[in-house]
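Worksheet: the structure to be examined is printed underneath.
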Amino acid sequence: MTGTYPHTRLRRTRATAWSRALHRETALTAADLIWPLFITEGEGVEQPIAALPGVSRWSVDGIVARAREAVELGIPVLALFPHTQPERRSEDGAEALNPDNLMCRAIRAVREDLGDRIGLLTDVALDPYTSHGQDGLIDEAGYVLNDETVEALVGQALNQANAGADIIAPSDMMDGRIGAIRDALEDAGHVNVQIMSYAAKYASAFYGPFRDAVGSRGLLKGDKKTYQMDPANTEEALREVEMDLAEGADTVMVKPGLPYLDIIRRVKDTFEVPVFAYQVSGEYAMIEHAVTAGAADRDAMVIETLTAFKRAGASGVLTYHAAHAARLLNHRPAS
Ligand code: PBG
């Protein structure tokens, strides 16, 4: 119910910072953030990623340092991605199953240092490990095979859970992988390991910088349109989410983020489950390049975009700006 002017003046409650704070409908805190980090080989290594200005790959000791930083900032979860050495990549991505791969070593190191003071989310898909950069196993024509890939993903997920991962996050978009992974986790006694499904993941132009970060840009031939969703679709996103929930996903993700806020809202309204958003690498790069060009205020854009995800219904956001945003949120004057 809204009255009429001048008895009703909607500007009244906007007149001062304290009043805006009092009437703000959406709260964003550091606890809403998931910080994606890229792991590389070595000791004491920091490799800046040109395509993601301000983001680096870290050797395992650096990941541990970032994990401590996250705990201090109140960021509850890290999302880990490995940059696999080219010679460890193969047609079948077998390195994903190696209990001593970079991912597993990073999980164990953080766990050893911080126990359960931080959550670790691990990406399940073969693209950081395959010589062709696709997320699954391919046939002679380059088509990504579904059922064979699911089998490999189950092995990858178990490998991560055995190393101590808290949240398994399949980003591959194969049909049936959530149920297969859930069954395997139950059978192995990992009953409290969560699954956050990349349920509605679109074949997007916004993943370019990420592919540089994990070293698969130059390797990928073709695209991922036979498994990732068509950006024009929304009914299909609801079916993807429904299937993944039925198969045992605890939470679901929509990806990319800002261009897909409508999908977040529809998923939230339809299923009333925790929905997460991934503000992906291309979105991060757009903000950073706009800042470099003098076209935008970084702090304001970061807070505004992250708040928009919460307003759209997201429970949390994966963002490369997580540490910066947490610092801003932890010391923010009223505005
Ligand atoms: C791999 C994966 C991708 C991203 C997360 N996991 C890339 C892709 O599907 O090609 C993208 C993240 C980003 O762009 O920040 N399956």
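The values are calculated or read from the model by the stated rules, or taken from the named source; none is laboratory data. From a predicted model like this one, the values you see are computed outputs, not experimental measurements. Don't worry about glycine lacking a Cβ; one is built from the backbone with ideal geometry, like all the others, and counts go over all protein chains shown.
Determine whether Ala237 is away from the ligand (no atom under 13 Å from the Cβ), farther than 23 Å from Thr305 by Cβ and touching a helix residue (DSSP H, G or I) at 6+ places or on another chain (Cβ under 6 Å).
Working: away from the ligand (no atom under 13 Å from the Cβ): yes; farther than 23 Å from Thr305 by Cβ: no; touching a helix residue (DSSP H, G or I) at 6+ places or on another chain (Cβ under 6 Å): yes.
Criteria not met by Ala237.
When you look at Gly282, is it in a helix (DSSP H, G or I), more than 20 Å from Ile34 (Cβ to Cβ) and near the ligand (Cβ under 10 Å from one of its atoms), yes or no?
So Gly282 does not fit the description; no.
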Filter the stretch 78-124 for residues that are under 23 Å from Lys201 (Cα atoms) and acidic (Asp, Glu); the one that is surrounded by the fewest Cβ atoms within 10 Å (Cβ to Cβ) is Asp92
Original post:
Are any of the residues in the stretch 78-96 within 19 Å of the chain's Cα centre (by Cα) and in a helix (DSSP H, G or I)?
Top reply: yes
The residue from Asp166, Asp172 that alone is within 18 Å of Val252 (Cβ to Cβ), surrounded by 18 or more Cβ atoms within 10 Å (Cβ to Cβ), within 11 Å of the ligand (Cβ to nearest atom) and charged (D, E, K, R) is Asp172
Flagged pairs (Cβ under 8 angstrom, 6 or more apart or on separate chains; first in the stretch 224-239, in contact (Cβ under 8 Å) with a residue 40 or more places away in the chain and under 14 Å from Arg266 (Cβ atoms); second in a loop (DSSP other than H, G, I, E, B) and within 16 Å of the ligand (Cβ to nearest atom)) are Met229/Met173; Met229/Ala203
ask   = Has the stretch 11-29 got any residue that is within 17 Å of Ala323 (Cα to Cα), within 21 Å of the chain's Cα centre (by Cα) and at pLDDT 95 or above?
value = yes
Selection from the stretch 240-261 of residues of a type in the set (Asp, Glu), touching a helix residue (DSSP H, G or I) at 6+ places or on another chain (Cβ under 8 Å) and not in a loop (DSSP other than H, G, I, E, B) yields Glu242, Asp244
By residue number, the members of the stretch 205-234 that are in a loop (DSSP other than H, G, I, E, B) and within 8 Å of the ligand (Cβ to nearest atom) are Val214, Ser216, Leu220, Lys224, Gln228
Scanning the stretch 262-279 residue by residue, those within 30 Å of Gly54 (Cα to Cα) and either among the β-branched types (Val, Ile, Thr) or part of a helix (DSSP H, G or I) (or both) turn out to be Asp262, Ile263, Ile264, Val275
